[in-house]
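Student: Before anything else, here's the structure in question.
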Amino acid sequence: MGNPQNMFGKIWDRHVVAQREDGESLLYVDRNFVHEGPFYAFDGLRLDNRPARRPLKQIAIADHYLPTLNRDRGMAGIKDPEIRHMIEQLARNARDFGIPFIGIDDARQGIMHVVGADLGLVQPGMVITAADSHTTTNGAFGVFAFGIGASEIKHVLATQALWYRKPRTLRILIDGTLPGGVTAKDVILAVIAKIGISGGSGHVIEYAGSAVRAMNMEQRMTVCNMSIEAGARAGLIAPDDIAFSYLEGREFSPRGGDWEKALAFWRSLPSDPGAHFDKEVELMAEDIQPMVTWGTVPEDALPITSSVPDPAAVGNAEQRAHIERALHYMGLRPGLPLTEIKVDRVFIGSCTNARYDDLRLAAAVVKGRRATVPAMISPGSTDVKRRAEADGLDKVFIDAGFEWRDSACSMCVGSNGDFASPGERCASTSPRNFENRQGRGVRTHLLSPPMAAAAAITGRLTDVRTLR
Amino acid sequence: MESFVRLTAIAAPLDQPDIDTDMLIPQRFLRKPLTVGYRNFMFFNDRFDAEGKEKPDFILNREPYRSAKILVTGANFGCGSTREGAVYAVVDFGIRAIVASSFGAFYASNCYQNGLLPVVLLEETVAALRAQLHALPGVELTIDLPDQVVIDTKGRGHRFEIEPSRKERMLQGLDDIRITERYSGAMEEFESRLDAEMPWLSGKPLQALVRR
Ligand code: SF4
């Protein structure tokens, strides 16, 4: 036997087509997802008169620009001509280049990082790219998945490969049992708060430990989704029986003899005992509490039992300047208990936290109560919506005064026009709290679905454990 | 793609760290065709007020920085999304190089694809450069790619690192696809082996999702 290898190393080695002297590698891409955004890539291919090399290794999914209202009217329900154009343009580009396409009227439609796994398009050992930072979500299956820009999308379309330099590896070990009321979102916010938004820079993270192994696939996807918010290239979790049984029988999962062969390969992927990682970080599951962000980058996260930090107490000048600017933008004063922050609106959605399990956990908090501020839900996919409705979750939310919308990126980024009103304070299950992301001057507090549900009920940031 | 060799130009200091891609270009402009001129969207929320009028206190709205070709910025510049519009806007404004102690995960690679040079120097060095620029507004810096140095206002050179393959492409203004084509033999071999060993990765069942 050779040297013990970590999982990322095994996946990397299998995908190197060629290597240049300075170590830059031509990396093969097994699947590339496109949405409405990187249309520049198709424009560029047309200019150069190039086809897509392997069109069936691409998939185009409309998610960023789809409205969450009037969807039964299809394209006719979209008033804004620019938004309609973005969706039609994706359909046209997919058709012209022979690329599989999931559009507004397809029952499979949803946010691409939700749909990919749902359809079995994401399989252990793959290299997956997409023009979106949260492509890292797919790492939950033991996949090297990462976001790329439009020019790189063009390169992948034309060549099915990408020039890339091998990142370093960081193992984050989370052992123990998560306390009640603590979700995967709290785990990843705690990780980012600990290592910072540049803590994973240049690294691929492997999440390991008993707390991670105990998570279901939806929870693992939430953790990997926000790897990018710690600056990491990607986040991976070793595939196991939980992953395999999730994939079995899905529309595009391998079948029959292929399934058996694939399974044997997938079982060889986890890191060997004693494998080396360039960095290691440990967290105890028992120490993690429900988290919420108070600032304008995801590392500005604290347990809900804390107070707004005081910049005067921070030695590092740059950090102090960041906190001052963040508090100014967020309209918060140092020392204010987080549970005293009133919110104007709640959003439950996005590829981070709008899978079935997320909606189930939120519904459990909402049941029999009423929202006191405007709250809306955009399920992660049309299929998630349908399943939630089959189980009556929609009724729980609607009875509590929530808006039950259709699936799209929605208020995570507002491409489709779903913005909070200027200056509003929004409790959101999405992955990013940047200035102006959810609308002009909008103040975003990131939290888990049950915490968002609790905030909708009380109208302020709330420790969901005190509601029970 | 325009090549980058040596540049002497006005440099604008931006002290703030963590300038993210939403700040560089708000999402709502990413549906515009490139032909409209993305320069008008760069730093939109910082540069313009709610009525669309320029905010006079924003540095790039002031002379002589309107004609800056270099930005010297805080750490983690361009963090956030993969949106390449955040590079298109900067390039269209006329910026050719950005000096920072670190860049967001996608920003630097998107820069290289568009002939915009991301230069990484130590945080102390970048802070000292910004101090020089604040002291002498409108002063020029020189960036020499063949020698890999930034020459400051006192004539001192600060060496930066760049991967040789990136450097070659920047110097010649070469597109990645052209380079990849040199490896077509290796690619054919790789793909036929993969198709034989793991046929389920070919994507054939997805043909059902292709529309005509
Ligand atoms: S939901 Fe948000 S983070 Fe996820 S793909 Fe859409 S825009 Fe990106």
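Student: Under a cut-off of 16 Å between alpha-carbon atoms, report the aspartates and glutamates in cross-link reach of residue B:55, not counting same-chain residues fewer than 8 places apart.
Tutor: Result set, ordered by chain and number: B:46, B:63.
Student: Moving on. According to a simple spin-label model (label point 7 Å from Cα along Cα-to-Cβ), what is the distance in nm between residue B:184 and residue A:395?
Tutor: 6.2
Student: Could you sort out which of A:395/B:32; A:194/B:69; A:57/A:385 sit more than 30 Å apart by Cα distance in this structure? Each step should come with its number before you reach the end.
Tutor: On the way: A:395/B:32 39 Å; A:194/B:69 37 Å; A:57/A:385 27 Å.
Pairs exceeding the cut-off: A:395/B:32; A:194/B:69.
Student: Using 0.36 nm per residue of separation minus the Cα-Cα distance, give me the extension gain between residue A:177 and residue A:72 in nm, one decimal.
Tutor: Values: separation 105, 0.36 × 105 = 37.80 nm, distance 4.35 nm.
Result for the pair: 33.5 nm of gain on full extension.
Student: A further question follows. Could you compute how much accessible area chains B and A hide from each other, both sides summed, with a 1.4 Å probe? Nearest 100 Å² is fine.
Tutor: Working: alone 12040 and 18440 Å², together 24160 Å².
When B and A are taken together, about 6300 Å² of accessible area is lost.
Student: Using Cα positions and a limit of under 16 Å, work out the aspartates and glutamates in reach of residue A:279, with same-chain residues fewer than 8 apart set aside.
Tutor: A:206
Student: Tell me what chain B gives for mean residue ellipticity at 222 nm when only DSSP H runs of n ≥ 4 count, each as -39,500 (n - 2.57), the sum divided by the residue total, rounded to 500 deg cm²/dmol. Present the calculation step by step, with values, prior to reporting the outcome.
Tutor: On the way: 8 runs with 65 residues, N = 212.
Rounded to the nearest 500, it is -8500 deg cm²/dmol.
Student: Taking a ≥ b ≥ c as the square roots of the Cα gyration tensor eigenvalues, with a/c under 1.5 meaning rounded and otherwise prolate when a/b beats b/c, else oblate, which class fits segment A:368-468?
Tutor: Details: a/c = 1.92, a/b = 1.17, b/c = 1.63.
It comes out oblate by the Cα gyration axes.
Student: Using a simple spin-label model with points 7 Å from Cα along the Cα→Cβ vector, what separation in nm is obtained for residue B:67 and residue B:147?
Tutor: Going from the residue B:67 label point to the residue B:147 one covers 2.5 nm.
Student: Remind me, what semi-axes does the protein assembly as shown give for its equivalent ellipsoid, largest first in whole Å, using sqrt of 5 times each Cα gyration tensor eigenvalue?
Tutor: Numbers: eigenvalues 241, 207, 127 Å².
Square roots of five times the eigenvalues give 35, 32, 25 Å.
Student: When Lys and Arg each count +1 and Asp and Glu each count -1, what net charge do the other residues less than 11 Å away from residue A:307, Cβ to Cβ, add up to?
Tutor: On the way: positive: A:333; negative: A:310, A:340.
It works out to a net charge of -1.
Student: Then there is this: Using DSSP, restrict attention to beta bridges with both residues in chain A and report what percent are antiparallel, rounded to the nearest 5. Provide the component values of the computation, followed by the final result.
Tutor: Details: 13 of 53 bridges.
Approximately 25 percent, going by the DSSP bridge assignments.
Student: Amide H neighbours of residue A:60 under 5 Å, at least 5 residues apart or on other chains, H built in the peptide plane: list them.
Tutor: The answer is A:34, A:101, A:102.
Student: If ligands, DNA and RNA are left out, what is the accessible area of residue B:158 with a 1.4 Å probe, given in Å² to the nearest 10?
Tutor: Residue B:158 exposes around 40 Å² with every protein chain in place.
Student: Let me check the size of segment A:292-467 from its C-alpha atoms; what are the radius of gyration and Dmax in Å?
Tutor: Both quantities, over Cα of segment A:292-467: 15.9, 54 Å.
Student: Starting from the 7 Å offset along Cα-to-Cβ, what nm value, one decimal, do you get for the label separation of residue A:344 and residue A:79?
Tutor: 2.0
Student: By how many nm would the segment from residue B:57 to residue B:131 lengthen if fully extended, with 0.36 nm per residue of separation less the alpha-carbon distance? Don't jump to the answer; show the numbers that get you there.
Tutor: Values: separation 74, 0.36 × 74 = 26.64 nm, distance 1.83 nm.
Additional length available on full extension: 24.8 nm.
Student: Whole-Hz ³J(HN,Hα) for each residue in segment A:286-295, computed from phi via Karplus 6.51 cos²θ - 1.76 cosθ + 1.60 with θ = phi - 60°, x for glycine and proline: what do you get?
Tutor: 4, 7, 7, 10, x, 10, 8, 8, 10, x
Student: Keeping every protein chain in place, order A:314, A:114 by accessible area at 1.4 Å, biggest value first, i.e. largest first.
Tutor: Numbers: A:314 35, A:114 5 Å².
Solvent-accessible surface, decreasing: A:314, A:114.
Student: What longest region of chain A stays clear of GluC sites (Glu not before Pro) that DSSP places outside H, G, I, E and B and that have at most 14 other Cβ atoms within 10 Å?
Tutor: Working: sites that count: A:21, A:248, A:251.
Excluding the exposed sites themselves, the longest stretch runs over A:22-247.
Student: I need the phi-derived Karplus couplings for segment A:202-212: 6.51 cos²θ - 1.76 cosθ + 1.60, θ = phi - 60°, integer Hz, Gly and Pro marked x.
Tutor: x, 10, 9, 8, 10, 8, 9, x, 5, 5, 6
Student: Which length gain, in nm to one decimal place, applies between residue A:213 and residue A:261 when the Cα-Cα distance is subtracted from 0.36 nm times their residue separation?
Tutor: 14.9 nm
Student: In chain B, which longest range has no GluC sites (Glu not before Pro) that are both DSSP loop (not H, G, I, E or B) and surrounded by at most 13 other Cβ atoms within 10 Å? It would help to have the intermediate numbers written out before the result.
Tutor: On the way: sites that count: B:2, B:51, B:161.
It runs B:52-160.
Student: With r as the distance between the Cβ atoms of residue B:192 and residue A:386 and R0 = 41 Å, compute the FRET efficiency 1/(1 + (r/R0)^6) and round to 0.05. Don't skip to the end; give the middle numbers.
Tutor: On the way: r = 41 Å, r/R0 = 0.99.
So, using R0 = 41 Å, E works out to roughly 0.50.
Student: Leaving out ligands, DNA and RNA but keeping every protein chain, what accessible area does residue A:279 have, in Å² rounded to the nearest 10, with a 1.4 Å probe?
Tutor: Rounded to the nearest 10, that gives 80 Å².
Student: Oh, and also: Would you work out if chain B is rounded, prolate or oblate? Take a ≥ b ≥ c from the square roots of the eigenvalues of the alpha-carbon gyration tensor; rounded if a/c is under 1.5, else prolate when a/b is larger than b/c, oblate otherwise.
Tutor: On the way: a/c = 2.58, a/b = 1.54, b/c = 1.68.
Here chain B falls in the oblate category.
Student: What does the accessible area per residue of chain A come to in Å², with a 1.4 Å probe and no ligands, DNA or RNA counted?
Tutor: Each residue of chain A exposes 33 Å² on average to a 1.4 Å probe.
Student: Ignoring any ligand, DNA or RNA, what whole percent of the accessible area of chain B comes from carbon and sulfur when the probe is 1.4 angstrom? Don't skip to the end; give the middle numbers.
Tutor: Values: 4540 of 8820 Å².
Ligands and nucleic acids excluded, carbon and sulfur give 51 percent.
Student: A follow-up question, please. What's the carbon and sulfur percent of chain A's accessible surface, probe 1.4 angstrom, rounded to a whole number?
Tutor: Values: 7450 of 15340 Å².
After summing per-atom areas, the C and S share lands at 49 percent.
Student: Hull surface divided by four, with the convex hull built on the Cα atoms of segment A:113-243: how many nm²? Present the calculation step by step, with values, prior to reporting the outcome.
Tutor: Details: hull surface 31.5 nm².
With the hull built on Cα positions only, its mean projection is 7.9 nm².
Student: Given A:130, A:396, A:339, which one lies farthest toward the positive end of the charge dipole of the protein assembly as shown, if we put +1 on the Cβ of every Lys and Arg and -1 on the Cβ of every Asp and Glu?
Tutor: Of A:130, A:396, A:339, it is A:396.
Student: Relative contact order of chain B: what whole-number percent is it, with Cα pairs under 8 angstrom and at least 6 residues apart?
Tutor: Values: 355 pairs, mean separation 51.9, N = 212.
It comes to 24 percent, rounded to a whole number.
Student: Please give the per residue volume of the convex hull enclosing the alpha carbon atoms of segment A:45-164, rounded to a whole number of Å³. It would help to have the intermediate numbers written out before the result.
Tutor: Working: hull volume 13.5 nm³, N = 120.
Given the Cα convex hull of segment A:45-164, per-residue volume reads 113 Å³.
Student: If you restrict to DSSP beta bridges whose two residues both lie in segment A:7-164, what percentage is antiparallel, to the nearest 5? Walk me through the numbers before you get to the answer.
Tutor: Numbers: 7 of 19 bridges.
The antiparallel proportion sits near 35 percent.
Student: Could I ask something else about it? Using the Karplus curve 6.51 cos²θ - 1.76 cosθ + 1.60 with θ = phi - 60°, work out ³J(HN,Hα) for each residue of segment A:225-241 in order, rounded to whole Hz, and write x for Gly and Pro.
Tutor: Karplus-based 3J(HN,Hα) across segment A:225-241 equals 3, 8, 3, 5, 6, 9, x, 6, 5, 7, x, 10, 10, 4, x, 9, 4 Hz.
Student: Classify segment B:1-124 as rounded, prolate or oblate, taking a ≥ b ≥ c as the square roots of the eigenvalues of its Cα gyration tensor: rounded when a/c is under 1.5, otherwise prolate if a/b is larger than b/c and oblate if not.
Tutor: On the way: a/c = 1.33, a/b = 1.19, b/c = 1.12.
Rounded, since a/c falls under 1.5.
Student: Return the equivalent ellipsoid semi-axes of segment A:167-287 as a descending list in whole Å, where each equals the square root of 5 times an eigenvalue of the C-alpha gyration tensor.
Tutor: Details: eigenvalues 135, 58, 36 Å².
Square roots of five times the eigenvalues give 26, 17, 13 Å.
The values are calculated or read from the model by the stated rules, or taken from the named source; none is laboratory data. Since we're looking at a predicted model, the values are computed, not measured. Please note: Cβ atoms are built from the backbone with ideal geometry, for glycine as well, and neighbour counts cover all protein chains shown. We work out accessible area using only protein heavy atoms, side chains counted, and drop any ligands, DNA or RNA first. Shrake-Rupley method; radii C 1.70, N 1.55, O 1.52, S 1.80 Å.
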